[in-house]
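Nothing in this text is a laboratory measurement; each read-out follows from the coordinates by a stated rule. Remember, predicted model here, so these are calculated numbers, not experimental data. Backbone-built Cβ (ideal geometry, glycine too); neighbour counts: all protein chains shown.
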Amino acid sequence: MDVIKIMKMKGKEKIVMITAYDAPSARIAWEAGVDIILVGDSLGNNVLGYKDTIPVTMEEMLIHVSAVRRGAEEAFIVADMPFLSYQVSESEAIKNAGLFLKSGANAVKLEGGGEFAELIRKLVASGIPVMGHLGLTPQSVNVFGGYKVQGKTEGSRKKLIEDAIALEEAGVFSIVLEMVVEEVAREITEKVKVPTIGIGAGRYCDGQVLVWHDVLGLNPEFSPRFVKKYADLYRISLEAVRTYKEEVKEGKFPGVENVFRKK
Ligand code: KIV
């Protein structure tokens, strides 16, 4: 997979993206045949125990990007630029995005609209493919005042469309639309030539992305409308670890088949 192939999928084949944060999950995602693995900054709330994505650092992201690359050597990997890794200055942004490519990513994703068009142009000119991200952009949760569905008002619809066009003109190869009302996501998808990848943005995007822990049911308290849980790994893991504990307490594990003997 590469950016050209991803762009050519628009209108022909739905694009499937899933997040992964470590080598074993990357391996599963690759074997399952997903088109893109996103090392999202949702690493913060799903893996590192932060309450949102704001605290996530470049150093943390780089460790997980390299791990994902080791787990899926051939996969197309997008690395999320964490909060303040690209907003402070263009030179810092280019350096940070470059570090992701050096660590194994094929492209970077950054949140924001037309205000980042110039930066995106420079990244692309430097050889760094960029995926845009519009709608509910979690790094701006403090500005939005919560995780709210976007595109409900005429002003918000207009701004989303303008931003999508600005990102396309700046050279992104695709745009994530997060928590956008279906009608507006559809309009954007029809207006831009690059693929849109939705999460909570309805049925008409060119592709879909979900978070690893949500797909597998690892976050029992989190079940928003846009998530479909394809397994209940929290319950399965809990039962497995409880059984292990009980078997050790009861002297059932290790059994004879688990021990080493002289002969
Ligand atoms: O960080 C992330 O997981 C994301 C997806 C929700 C698109 O940005």
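Among the DSSP beta bridges whose two residues both lie in the chain, what percent are antiparallel, rounded to the nearest 5? Please report the intermediate quantities before stating the final value.
On the way: 1 of 30 bridges.
Within the chain, antiparallel bridges account for around 5 percent of the total.
Using the Cα centre as the reference, give the magnitude of the dipole from point charges on the C-beta atoms of segment 1-137 (Lys, Arg: +1; Asp, Glu: -1; all else neutral), rounded to the nearest 20 debye. Intermediate results must be reported in sequence, preceding the final value.
Details: 14 positive and 17 negative charges, 84 e Å.
Its charge dipole is roughly 400 debye.
Give, rounded to the nearest 20 debye, the magnitude of the charge dipole that the chain has about its Cα centre when Lys and Arg contribute +1 at Cβ and Asp and Glu contribute -1 at Cβ.
Numbers: 34 positive and 36 negative charges, 147 e Å.
Using Cβ point charges on Lys, Arg, Asp and Glu, the chain gives about 700 debye.
List every residue whose amide H lies under 5 Å from the amide H of residue 76, counting only residues 5 or more places away in sequence or on a different chain, with H placed 1.01 Å from N in the peptide plane.
Hits under the 5 Å cutoff: 37.
Evaluate segment 162-210: find the radius of gyration of its Cα atoms, find its Kirkwood radius, and give the ratio Rg to Rh. Please list the in-between numbers first.
Details: Rg = 9.5 Å, Rh = 10.3 Å.
The Rg/Rh ratio comes out at 0.92.
Residues with beta-carbon under 14 Å from that of residue 121, excluding residue 121: net charge, scoring Lys, Arg +1 and Asp, Glu -1?
Working: positive: 122; negative: 90, 115, 118, 168, 169.
Net charge around residue 121: -4.
Treating cross-link reach as a plain straight distance, find the aspartates and glutamates whose alpha-carbon is under 17 Å from the alpha-carbon of residue 193, omitting any fewer than eight places away in the same chain.
The reachable aspartates and glutamates, counting only those whose Cα sits under 17 Å from residue 193, are 2, 13, 162, 163, 168, 169, 206.
Using all alpha carbons of segment 95-137, what is the percent of pairwise distances in each 10 Å bin, ordered from the shortest bin to the longest?
The percentages, shortest bin first, are 28, 56, 16.
Only Cα pairs within less than 10 Å get springs; with that Gaussian network setup on the chain, which residue of 119, 48, 210 has the largest fluctuation?
It is 48.
So what is the 222 nm mean residue ellipticity for the chain from helices alone, if each DSSP H run of at least 4 adds -39500 (n - 2.57) and you divide by all residues, rounding to the nearest 500 deg cm²/dmol? The partial results should precede the final answer.
On the way: 11 runs with 108 residues, N = 263.
So the helix-based figure for the chain works out to -12000 deg cm²/dmol.
Send over the semi-axes of segment 1-55's equivalent ellipsoid, whole angstrom and largest first, taken as the square roots of 5 times the C-alpha gyration tensor eigenvalues. If you can, show how the numbers build up before the last one.
On the way: eigenvalues 133, 38, 12 Å².
Values for segment 1-55, descending: 26, 14, 8 Å.
Measure of size requested: the Rg and Dmax of segment 1-107, with Cα atoms as the atom set and Å as the unit; please supply both.
13.8, 39
Among 220, 138, 55, whose mean-square fluctuation peaks in a Gaussian network model of the chain (Cα, cutoff 10 Å)?
Judging by the Gaussian network model, the answer is 220.
Need the full-extension length gain, residue 124 to residue 158, defined as separation in residues times 0.36 nm minus the C-alpha distance. One decimal, nm. Let's see the in-between values first.
Details: separation 34, 0.36 × 34 = 12.24 nm, distance 2.59 nm.
Net length gain for the segment: 9.7 nm.
Show me, bin by bin at 5 Å from 0, the whole-percent P(r) of the chain based on Cα pairs.
Distribution as computed: 1, 6, 12, 17, 18, 16, 11, 6, 3, 3, 3, 2, 1, 0, 0, 0 percent.
Could you check the spin-label model distance between residue 147 and residue 242? Points 7 Å from the Cα along Cα→Cβ, value in nm.
2.6
Filter the GluC sites (Glu not before Pro) in segment 163-263 down to the DSSP loop ones having no more than 14 other Cβ atoms within 10 Å, then list what survives. Show your work: numbers first, answer last.
Values: sites: 168, 169, 178, 182, 183, 187, 190, 221, 239, 246, 247, 250, 257; in loops: 221, 250.
Hits after loop and neighbour filter: 221, 250.
Would you list, by chain and number, the lysines whose Cα falls below 27 Å from the Cα of residue 51, excluding same-chain residues fewer than 8 positions away?
109, 148, 152, 228, 229
What's the extension gain from residue 12 to residue 257 if we count 0.36 nm per residue and subtract their Cα-Cα distance? Numbers along the way, then the final one.
Details: separation 245, 0.36 × 245 = 88.20 nm, distance 5.23 nm.
Separation in residues times 0.36 nm, less the Cα-Cα distance, equals 83.0 nm.
How long is the gain from residue 28 to residue 50 if the chain were fully straight, where each residue apart is worth 0.36 nm and the alpha carbon distance is subtracted?
On the way: separation 22, 0.36 × 22 = 7.92 nm, distance 2.49 nm.
That pair, residue 28 and residue 50, stretches by 5.4 nm at full extension.
Using a cut-off of 9 Å between beta-carbons, work out the net charge of the residues near residue 217 (Lys and Arg +1, Asp and Glu -1, residue 217 not included).
Taking every other residue near residue 217 into account, the sum is 0.
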